[in-house]
Structure formats: structure tokens, C-alpha cells
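Just so you know, all these numbers are worked out from the coordinates, no wet-lab data involved. Bear in mind that the values here come from a model prediction, so they are computed numbers and not experimental data. Here the Cβ is made from the backbone with ideal geometry for all residues, glycine too, and neighbour counts use every protein chain on show.
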Amino acid sequence: MLRTPLYDFHVEHGGKMVDFAGWEMPMLYAKSGGILAEHHQVRKSGGIFDVSHMGRVKMTGRHARRLLERLCTRRISDMQEGQCRYSLVCNEQGGIRDDVIVYKNDEDDFLVVVNASNREKLLGHFEQVRAAGDLNVKIDDQTLKTAMVALQGPRVMPMIAQISKEIPALKRYRFAVKNLVIMKLIVSRTGYTGEDGVEVILPASGMEMALKLLLKDVKVGEADALVKPAGLGARDTLRLEAGMPLYGHELGEETNALGTTLDFAVSLDKDADERGEKFIGMEALKRTRDEGGPAQKLVGIRLEGKRTARQGMTVKVGGKQVGTITSACLSPTLGYPIAMAYIGRDHAAEGTALEIDTGKDALLPGQVCAMPFYKMP
């Protein structure tokens with residue numbers, strides 16, 4: 001398995017290491033008190049996540065924007081320098097190859113952050129599309145050359161304000177390039193927890209020094225620490241509360257992009273102006289739209305009682321199967337079970353009563369509810 005530049009940091013803080021998409025990553029930290037404690041730490045104060053396993057692919061050259069227009073479901077041509085944009089990358093059928101974040105440095109220089117499990121697949125896809133269009137683009141996989149950390153929580157930006165006035169002034173989905181001693185950092189106001197915070201990309205060789213400088217006044221790991229390490233377990237419960245889809249659960253090659261909660265990330269008219277391009281899968285998604293929409297829609301579910309559902313469980317209405325659970329947990333913040341599921345569009349209206357079949361002669365009652373389940377105060 002691959003190890004991130006923060007591997008020693010994880011071990012030092014009692015990280016329980018697991019295989020995640022070929023990377024040795026911390027599920028939780030023994031010194032933190034576990035997933036629930038890490039979850040509450042992020043909601044109440046701040047957490048630091050190692051997200052170096054995420055792929056980071058640099059695209060440069062005079063056709064970089066054109067390539068990304070063909071790959072991405074969002075418009076790229078109207079992005080400003082210093083802006084990040086969430087998008088999907090689809091296959092010809094309108095299924096989701098991955099969800100990505102595109103960073104624009106300038107007209108010929110972009111960075112694309114992709115999911116770890118899809119990095120190799122996407123690198124091949126990017127090159128195939130580039131070659132087919134004879135586009136002048138250099139595609140450079142910088143994943144192993146760089147590191148990436150996320151600092152998330154309500155007390156993170158006040159902490160950063162003591163170091164830099166520029167970063168807290170950034171709008172959501174904007175980034176700045178900062179110099180730290182002899183290295184450059186890309187600091188973006190993005191995250192995957194439903195809390196405010198930043199994600200930082202920097203050279204892998206400088207990770208240890210940067211961590212010491214960035215957190216020199218923060219007692220990481222101590223009981224009263226402003227920021228504590230958080231692992232994959234808390235990251236999952238946090239993103240689920242925030243209603244954020246996860247590849248392999250809510251998103252996949254067989255998932256119609258219009259059936260997700262990500263309509264904002266699909267621009268079916270992005271070829272309407274002279275700088276626009278059709279994206280791969282666009283025609284298939286237009287047909288889906290014209291035929292009344294996808295057969296299934298992603299919804300949020302609030303369950304009654306304390307028992308939680310599991311991925312793959314059947315959703316029923318009136319005893320009839322109408323869908324499948326994709327993610328679920330007992331919400332640490334809200335105190336009741338929540339889930340996401342794909343269900344038939346005729347049963348997707350908010351307030352619809354339903355049941356979850358556990359497969360053990362037990363049905364868990366619940367109802368369709370709005371997402372996100374949790375909103376930052």
C-alpha cells in the first residue's frame with residue numbers, strides 16, 4: 001500500500017491504519033477517543049484530516065480549458081483565476097466516472113482533484129480524450145509529489161486569521177497561493193464536512209515542516225486542543241450529515257448524473273456560446289431530461305427510533321420495493337438515524353412514509369426528508 005507524507009503523524013497519534021483505495025490511511029485515532037469524539041471535535045472546534053490520497057492532476061497548455069470543457073459537466077470557460085469549481089466527469093451514458101474539483105490558476109493552467117479510487121482510471125480517460133481531440137495539453141499526475149490536508153471546524157478560520165488575513169477573506173470555493181519559507185501552498189476554502197475550513201496542497205517533501213509551522217501554537221492531540229486529528233470514520237459521518245454524496249455509495253458509473261442531488265453541477269447548455277463545449281455524456285443526459293427525468297432520485301431519509309440502516313438495504317413503500325440505501329448512520333450531531341437512498345421518483349417527495357427492510361424480519365420506519373440533514377450554524 002501507498003503511504004502519505006503524514007504517515008508518521010498518524011502513527012504518533014495512535015492512528016488505526018486501514019487499506020483505503022490502495023493507501024494506508026487512519027480510520028480513527030486511539031488518542032482521540034474514537035469516531036464519535038472526532039466527529040464532535042470537528043463540529044464544535046476543529047479537526048485536521050489527511051486527504052493526500054486524493055488524486056491531484058495538473059493540466060497545462062493552450063488547450064487545457066478545452067479539454068476540461070469536454071471532460072466536465074460544469075462550465076469551465078467562465079471560471080475566474082483563483083476559483084475552484086465542483087464538477088462531475090461522466091461516461092457516454094451519463095453515468096458518473098467521478099466527482100472532481102477544478103482549480104483555475106490561469107487560462108492555460110488548471111489543477112483537478114479526483115477521488116483516490118478513480119485516479120488511475122481518470123488518468124487514462126483524460127489522455128484518451130486529449131489524444132482524440134489532438135489537444136495541446138500536458139497532463140501531470142502530481143499526487144505522489146504533493147500532500148493535501150483539510151482543516152475543518154468553526155474555530156479553524158479564527159485560528160488561521162492569526163497567521164494570515166488573506167485566507168479568512170476568501171469566499172467559498174476560492175483559493176490563494178501562499179509562500180511558506182521555501183515552498184508554495186495552495187489554500188482553498190473548500191471541504192467535505194459541512195463546516196467552514198480550508199484544504200491545503202503543498203510539496204510532499206515539505207509536509208512535516210509545514211505542519212509544525214502551521215500548527216506551532218496548536219496543541220494537536222491534547223485534551224483541550226483547538227484542532228485534533230480526525231480519520232476516515234469521522235469524515236464519513238460528517239459528510240453524510242452534510243448530505244454530500246460519496247463515490248462508490250451515491251455516485252458510480254451506473255448512476256445517472258441527473259438522479260443525484262447535484263443538478264447544479266450539470267450544465268446541459270454549456271455549449272450555447274462560442275467558448276463552450278459539449279461534455280461527454282451530455283446527449284445522454286439531455287435524453288433523460290426530455291423523457292421526464294431519471295427513474296430514481298437520491299433522497300434523504302430520517303428513521304424513527306435508534307436503529308440505523310446499512311448500505312444495500314431495501315427501501316419499501318406499502319410493502320413494495322422502491323429503492324436501496326446507499327449510506328446511513330446514527331447521526332452523532334442530531335441524535336437520530338439518517339440515510340441516503342435511491343428510490344423511484346414517484347416516491348421521492350419530501351414527507352413520503354417508507355420502511356427499510358433489514359433482511360432480518362425487521363422493518364425500520366422513516367420518511368423522506370430534505371438534505372442536508374445538518375447545516376452549519
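At 0.36 nm per residue, minus the direct Cα-Cα distance, what do ALA131 and GLU274 gain on full extension? Give it in nm, one decimal, please.
49.3 nm
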Quiz item: Taking the Cα centre of each part, how many Å lie between the range 109-160 and the range 268-310?
Solution: 23
Quiz prompt | Under-5 Å amide H pairs with TYR29, H placed in peptide plane, nonlocal only | solution = LYS16, GLY34, GLY231
Practice problem: Check the straight Cα-Cα distances from LYS184 and name the lysines below 29 Å, setting aside those fewer than 8 residues away within the same chain. | Solution: LYS58, LYS104, LYS121, LYS138, LYS145, LYS165, LYS171, LYS212, LYS216, LYS219, LYS228
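Taking 0.36 nm per residue of separation and subtracting the Cα-Cα distance, what length does fully extending SER164 through CYS369 add?
Values: separation 205, 0.36 × 205 = 73.80 nm, distance 3.97 nm.
The SER164-CYS369 span can extend by a further 69.8 nm.
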Exercise. Using the number of other C-beta atoms within 10 angstrom as an exposure proxy, rank VAL42, VAL113 with the fewest first.
Key: VAL113, VAL42
Self-check item: Ratio of the Cα radius of gyration of the chain to 2.2 N^0.38 Å, where N counts its residues
Solution: 1.00
Quiz item: Tell me, what HN-Hα J-couplings in whole Hz come from the Karplus equation 6.51 cos²θ - 1.76 cosθ + 1.60 at θ = phi - 60° for each residue of the range 143-150, using x for Gly and Pro?
Solution: 4, 7, 8, 10, 10, 8, 10, 10
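How large is the Kirkwood hydrodynamic radius of the range 296-369, in angstrom, based on all distinct alpha carbon pairs?
Values: mean 1/r = 0.0854 Å⁻¹.
About 11.7 Å, per the Kirkwood formula over Cα pairs.
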Exercise. Please turn the phi angles of the range 64-77 into ³J(HN,Hα) values with the Karplus equation 6.51 cos²θ - 1.76 cosθ + 1.60 (θ = phi - 60°), one per residue in order, whole Hz, x for glycine and proline.
Key: 4, 4, 4, 4, 5, 4, 6, 7, 9, 7, 9, 5, 10, 4
Practice problem: Per residue of the range 270-283, in order, report the coupling 6.51 cos²θ - 1.76 cosθ + 1.60 (Karplus, θ = phi - 60°) as ³J(HN,Hα) in whole Hz, putting x for Gly and Pro. | Solution: 5, 9, 6, 10, 5, 8, x, 9, 6, 9, 4, x, 4, 5
Practice problem: Stick to Cα atoms and the Kirkwood definition of Rh, then tell me Rg/Rh for the range 164-205. | Solution: 0.98
Quiz item: How far, in nm, would the chain grow between PHE264 and LYS44 when pulled straight, counting 0.36 nm per residue and subtracting the alpha carbon separation?
Solution: 76.3 nm
